[in-house]
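See structure below.
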C-alpha cells in the first residue's frame, strides 16, 4: 500500500515527471564525459529509517597520468620481446554516467546510499598520437557512500560525505589509417570525500559545497595485432592510472518541490577535471 501511494503521488506531480524525463534525454544525447561522480549536499537530509529513490546523471572531463607502463609482443603465439612503456598524460578522457540511487537513514544524522547505473567513455589521439579515437560500450558501474551532519544551527548545517565508485570499460580504439582496431580495457576505482556546509536561503532553495579530495586507482590495457611477413605480431601495452590533481572544490543548489521531492544541480572542479551533475530524488 505504501509503495502504491508513493507512485500515485509521483504520478500526480507532472513537473517531477517532466524533470526526470529531461535527465534521461540529457544522458542519452550529451557527448561522453569521464570520471568524478555527483556528490550532492555534504549533509544528510534523511531522518532515521527514511528511504530515498533517485536518478543521478553526470558529465565530466578529466586528464589522467598513465604510469608504470609495460609492453609485451608475441609472434605467431610465441613470446617475442617485452619492455617498459613510456609514461604520458591521457587528455580529455570523457564519460557519461547515469545512476539509479537508493539511500537510507541509518541514524538521525547519518545516511548510506548505493548507486547502480551505466557508463560510457571516450578519448582521442593520446596513446599513439595517430588521430585515433576510443569509444567504449555502455558498461555497468556502481557507487557506495555515506553522509553525516555533525552541526546544525538555524538554516546552516555542516557535514561530511565520502563515496567509492567502480567502473570497467571495454571498447575499440580506431584510426582511419589502421586496418584493425585496438582492443582497450579500462578498470577504475574512484574515491571522493568532502566536508562542507548546506545553507537554506529560502524554504525551497538551498546552496551547498566545499573542498573535496578525489583519488583514482586503475589500469588500462591496449591490445592489437599486425600482419607482417611470416605471420602475426600481437602486442599488449598496459599502464597504471593516476589522477593529475586530487584536490578541488564544488558548489551546488538544491530545489525543493515538496517535502518529499528534491532536485540538485552541481559543478565540481579540480585542475585536472570538471563535472556537471544532476540529481532528482524522492524521499519516503
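The values are calculated or read from the model by the stated rules, or taken from the named source; none is laboratory data. Quantities reported herein were computed from a predicted structural model and do not represent experimental measurements. Don't worry about glycine lacking a Cβ; one is built from the backbone with ideal geometry, like all the others, and counts go over all protein chains shown.
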Quick check: anything in the stretch 64-77 in a strand (DSSP E or B), touching a residue at least 40 places away in the same chain (Cβ under 8 Å) and under 17 Å from the mean Cα position of the chain (by Cα)?
yes
Go through the residues of the stretch 225-240 one by one and say whether even a single one is within 22 Å of the chain's Cα centre (by Cα) and either part of a strand (DSSP E or B) or free of Cβ contacts under 8 Å to residues at least 40 places away in the same chain (or both).
yes
Residue 214 fails exactly one of (1) at pLDDT below 95; (2) within 30 Å of residue 78 (Cα to Cα); (3) in contact with a strand residue (DSSP E or B) (Cβ under 9 Å, 6 or more places away or on another chain), namely (2)
Filter result for residue 118 (within 20 Å of residue 261 (Cα to Cα), free of Cβ contacts under 8 Å to residues at least 40 places away in the same chain and part of a strand (DSSP E or B)):
no
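Matching residues to (1) surrounded by fewer than 18 Cβ atoms within 10 Å (Cβ to Cβ); (2) farther than 30 Å from residue 259 by Cα; (3) at pLDDT 95 or above:
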| residue | (1), (2), (3) |
| --- | --- |
| 47 | yes, no, no |
| 58 | no, no, no |
| 62 | no, yes, no |
| 71 | yes, yes, yes |
| 77 | yes, yes, no |
| 82 | yes, yes, no |
| 108 | yes, no, no |
| 123 | no, yes, no |
| 136 | no, yes, no |
I'm checking my understanding of the structure. Among residues of the stretch 243-260 that are surrounded by fewer than 21 Cβ atoms within 10 Å (Cβ to Cβ), touching a residue at least 40 places away in the same chain (Cβ under 8 Å) and part of a strand (DSSP E or B), which one is farthest from the chain's Cα centre (by Cα)?
256
Criterion (buried (at least 21 other Cβ atoms within 10 Å of the Cβ) and either touching a strand residue (DSSP E or B) at 6+ places or on another chain (Cβ under 9 Å) or under 20 Å from residue 144 (Cα atoms) (or both)) met by exactly one of 233, 201, 275
275
Does residue 258 count as under 28 Å from residue 113 (Cα atoms) and out of contact with any strand residue (DSSP E or B) (no Cβ under 8 Å at 6 or more places or on another chain)?
yes
Scan of the stretch 153-182 for residues that are within 22 Å of the chain's Cα centre (by Cα) and more than 30 Å from residue 45 (Cα to Cα), ordered by number:
168, 169, 170, 171, 172, 173
(1) free of Cβ contacts under 8 Å to residues at least 12 places away in the same chain; (2) surrounded by 15 or more Cβ atoms within 10 Å (Cβ to Cβ) all hold for residue 154 apart from (2)
Would you say residue 127 is in contact with a helix residue (DSSP H, G or I) (Cβ under 7 Å, 6 or more places away or on another chain) and buried (at least 20 other Cβ atoms within 10 Å of the Cβ)?
no
